[in-house]
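Undergrad: One structure is given below, represented as structure tokens, and several questions about it will come after.
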Amino acid sequence: MLSEIVNKSCPNSPKMDPSKEGFRAWLQVILCHFVVFNTWGYINSFGLFQSYYQTSLGHSESDLSWIGSLQIFLLFFGGVFSGRLTDAGYFKPVFIIGVLFQLVGIFTTSISTQYYQVFLAQGVCIGIGNGFLFCPSLTVISSYFTRCRSLAIGVAVSGSGTGGIIFPAIANATLERLGFAWTVRILGFISALTHLPCILFLKPRLPARKAGPILEVTAFKEAPYALFSIAMFFNFLGLYFTFFYLSDFARGILHASAPVSMDVLMILNGTGILGRLLPSFLADRSFGLLNTMIPMNVCTSIVMFCWASVSSIGGLYAFTVVYGFFAAGVQSLFPAVVAYLTDDPTRTGTRMGMVFAIVGFACLVGLPISGQLIIAEGNTYLAAQMAAGTFLLIGAVFMLGARVGKTGRVWCVKA
């Protein structure tokens, strides 16, 4: 039924190969949704943890941001190795190792009481686990689709919005009543339960490509791929600033209550579900991936600049809804574009992992830079907001260059 609905949504596409885009293919998408739920959903809820750690650990925002930024860095950088291992036919053991690392990290976080313990458990251990889960799962589902690949990836990565709603909602209901330790354990049990069907049924379609290097350096000789990699580096320098600091802004600048600061985090992730699905649908049906992603990128930058004018709770809610939609579009279309720029599908894992590594370094330094700018400006957010908006705008310019490199200066073409 799901595949029939998607077929109707892509009428101008070539006839579907039923062995690639049937029930089994969409089952992989649902399972990958669970994977993203447990990786990015947890990461996008870090604002919740950061608020708690500030009071319980007594460290600055900049110090705490290293936990989240390292977690994202390892998720992306791990793709260099896990992506190539997936291409080589080792998806299942790689995935199981990732699940084990992630669950060990979650449950050891629950008993951590000092900064270095949280850093090792949540930053390092969970980050390594995520690195062995995210890239391989996206590589698997990319191989099942040719016609509606961006929609499939959009459905999968909307798991970050699902997790970004469910995890904070659970924490909001249990943190004061059960305490931090049992709240985190409950999140760990949910992750374990939702990983189980993924271990059993998530399977690659393509044959293994045993030979080949971990890095395909020659890919950077292709102008679209190289320019897109640079674009995503700048985008991710600024993109996650809001996800990590929105709750702190609500409490520290607007003096919002704790429930309000939790609400905006859930709204940010909730609107991201639509932001991941609608642009992906339009990219497949009408416009093409780059033609859709470039305006989403520009709008994300503009909205980031507008954050500086927010001075009320109502304005914060409005900003959260709009930014959540556009930022999610950039996040969703990013992996699909990498697959689009890869002619040989057996190299998708390797090339996706390379871009992920580049993006990982941006995430590693971007959030601490934002934290330092906030401290340097006397705990105000203007400099960090302007920096994030500028990074996103530079990313949009390089992405436009990737579009020109792919199709030339021909604008009325699906690309």
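The values are calculated or read from the model by the stated rules, or taken from the named source; none is laboratory data. Predicted model, so just to flag it, every value in this text is computed and none were measured. Cβ coordinates were reconstructed from backbone atoms using ideal geometry, including for glycine residues, and neighbour counts include every protein chain displayed.
Undergrad: Considering the range 341-380 alone, what residues qualify as being of a type in the set (S, T, N, Q) and either surrounded by fewer than 23 Cβ atoms within 10 Å (Cβ to Cβ) or closer than 18 Å to residue 46 by Cα (or both)?
TA: Taking the range 341-380 as the starting set, the residues that turn out to be of a type in the set (S, T, N, Q) are 342, 346, 348, 350, 370, 372, 379-380.
The answer is 342, 346, 370, 372, 379, 380.
Undergrad: Here's another thing I want to ask about it. Take residue 76 and tell me if it is in contact with a Ser or Thr (Cβ under 9 Å, 6 or more places away or on another chain), under 29 Å from residue 345 (Cβ atoms) and at pLDDT 85 or above.
TA: Values: in contact with a Ser or Thr (Cβ under 9 Å, 6 or more places away or on another chain): no; under 29 Å from residue 345 (Cβ atoms): yes; at pLDDT 85 or above: yes.
So residue 76 does not fit the description; no.
Undergrad: Same structure again: With the requirement that a residue be under 30 Å from residue 56 (Cβ atoms) and aromatic (Phe, Trp, Tyr), what does the range 181-213 give you?
TA: Going residue by residue through the range 181-213, those that are under 30 Å from residue 56 (Cβ atoms) are 181-195.
Passing the criteria: 182, 189.
Undergrad: Scan the range 60-99 residue by residue and report those that are buried (at least 21 other Cβ atoms within 10 Å of the Cβ) and of a type in the set (Gly, Ala, Ser).
TA: 65, 68, 69, 78, 79, 82, 83, 98, listed by residue number.
Undergrad: If you go through the range 213-225 one residue at a time, do you hit one that is out of contact with any Pro (no Cβ under 9 Å at 6 or more places or on another chain), free of Cβ contacts under 8 Å to residues at least 40 places away in the same chain, assigned to a helix (DSSP H, G or I) and charged (D, E, K, R)?
TA: yes
Undergrad: Only one residue in 284, 248 is over 18 Å from the mean Cα position of the chain (by Cα) and closer than 19 Å to residue 381 by Cα. Which one? Steps first, answer last, please.
TA: Details: 284 fails: closer than 19 Å to residue 381 by Cα.
Of 284, 248, the one residue that is over 18 Å from the mean Cα position of the chain (by Cα) and closer than 19 Å to residue 381 by Cα is 248.
Undergrad: Okay, moving on. Going through the range 301-328 one residue at a time, which ones are polar (S, T, N, Q) and touching a helix residue (DSSP H, G or I) at 6+ places or on another chain (Cβ under 6 Å)?
TA: Here is the first cut: in the range 301-328, the ones polar (S, T, N, Q) are 301, 309, 311-312, 320.
Selection gives 301, 320.
Undergrad: Next question, about the same structure. When the range 347-357 is examined, which residues are found to be β-branched (Val, Ile, Thr) and more than 14 Å from the chain's Cα centre (by Cα)? Steps first, answer last, please.
TA: So in the range 347-357, the residues β-branched (Val, Ile, Thr) come out as 348, 350, 355.
Within the range 347-357, 348, 350 meet the criteria.
Undergrad: Consider residue 114 against the criteria (1) free of Cβ contacts under 8 Å to residues at least 12 places away in the same chain; (2) surrounded by fewer than 19 Cβ atoms within 10 Å (Cβ to Cβ); (3) not acidic (Asp, Glu): it satisfies all of them except one. Which criterion is unmet?
TA: (1)
Undergrad: From the list 143, 137, exactly one residue is over 21 Å from residue 103 (Cβ atoms), among the polar types (S, T, N, Q) and in contact with a helix residue (DSSP H, G or I) (Cβ under 7 Å, 6 or more places away or on another chain). Which is it? Walk me through how you get there before you give the answer.
TA: Values: 137 fails: over 21 Å from residue 103 (Cβ atoms).
Result of the check over 143, 137: 143.
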